[in-house]
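Here it is, the structure in full.
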Amino acid sequence: MVDVRKIVVVVEEVEAAKTALQWALHNLIRYEDIITLLHVYPSARSKSKKKARLLRLNGFQLALSFKDICNNFPNTKVEIIVTEEDQDQVGAKIAAMVREIGASSLVVGLHDHSFLYKLAMAHEDIANNLNCRVLAIKQPHPLPLRKKTNVVRALDSSTNMDFSQIEIAGLLVPDIPPPKIPYRICPSPTAIIWRSRKSRRK
C-alpha cells in the first residue's frame with residue numbers, strides 16, 4: 001500500500017513561489033500524494049466588506065493560477081485553501097494550518113519578505129514548530145550574458161535551483177544517475193584469455 005503524503009505549498013504573489021511549486025512537482029511529489037495550495041492573504045485594514053471580498057477573490061485567482069501549473073502533471077491531487085489573517089500573524093497562521101492538515105512537508109518560495117524570517121525570530125526550530133520538513137527554495141539568479149558556449153544544462157533538474165535549507169537534515173536532493181558511457185562488448189579478441197580444463201580420467 002502506498003503511503004499517501006500531504007505536501008503544503010505556500011501560494012504567494014512572487015515568482016519564487018511558482019519556482020518552488022515547479023521544483024516540488026518535478027522532484028518531490030509522488031503518485032497519490034496530496035498537494036495543498038495554501039494562500040493566506042492579509043486582512044483588510046478597513047472594515048469594508050467589498051474590499052475583503054476582493055482580497056479573497058484575488059487570493060482564489062492566484063491559487064487557481066498555481067493549480068494550472070499542477071494540471072500539467074497527471075495523477076496529481078490538488079486542494080486549495082484560501083484564508084485571511086493579520087499581516088503580522090501570516091506566518092503563525094500558515095504554521096497552524098500546516099499542523100492542522102498534518103503535512104509531511106512544507107514547500108516555500110524564499111524571498112526578501114518571506115514569512116519564514118519572522119517565524120525564525122519567534123521560534124528557534126522552525127521545522128519543529130511546523131511539525132514537518134521545510135523546503136525553502138530561492139529563485140535562481142539569471143545568468144550573466146556571456147559568449148555562446150557549448151554548455152549542456154539539465155532542464156527541470158534540482159541542480160539548477162539555489163536551495164536555502166531551513167532544516168538541513170530534511171532536504172533530500174534526488175539522486176542523479178551517472179551518464180551512460182557507450183562501449184563495445186569485445187573491443188579486442190586478443191584481450192580474452194580462454195582456459196580450458198582437461199578432464200581427469202580416473
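The values are calculated or read from the model by the stated rules, or taken from the named source; none is laboratory data. Quick caveat, the model's predicted, so the values are computed rather than measured. Please note: Cβ atoms are built from the backbone with ideal geometry, for glycine as well, and neighbour counts cover all protein chains shown. Surface areas here come from the heavy atoms of the whole protein model, side chains and all, with no ligands, DNA or RNA. Shrake-Rupley method; radii C 1.70, N 1.55, O 1.52, S 1.80 Å.
Count, please, the residues in the stretch 1-16 that happen to be within 15 Å of residue 105 (Cα to Cα), crowded, with 17+ Cβ neighbours inside 10 Å and among the aliphatic types (A, V, I, L, M).
5
Going through the stretch 1-34 one residue at a time, which ones are acidic (Asp, Glu) and over 23 Å from residue 91 (Cβ atoms)?
Answer for the stretch 1-34, where residues must be acidic (Asp, Glu) and over 23 Å from residue 91 (Cβ atoms): 3, 32, 33.
Then there is this: Report, by residue number, each residue of the stretch 26-37 that is open to solvent by less than 10 Å² (accessible area, probe 1.4 Å) and not in a strand (DSSP E or B).
33
Could you tell me which residue of the stretch 38-58 is surrounded by the fewest Cβ atoms within 10 Å (Cβ to Cβ), considering only residues that are within 21 Å of residue 113 (Cα to Cα) and either in contact with a Lys or Arg (Cβ under 6 Å, 6 or more places away or on another chain) or without any contact (Cβ under 8 Å) to a residue 24 or more places away in the chain (or both)?
Out of the qualifying residues, it is 45.
Select from the stretch 105-141 the residues that are assigned to a loop (DSSP other than H, G, I, E, B) and open to solvent by 50 Å² or more (accessible area, probe 1.4 Å) and list them in ascending order.
112, 113, 123, 124, 125, 131, 139, 141 - these are the residues of the stretch 105-141 that are assigned to a loop (DSSP other than H, G, I, E, B) and open to solvent by 50 Å² or more (accessible area, probe 1.4 Å).
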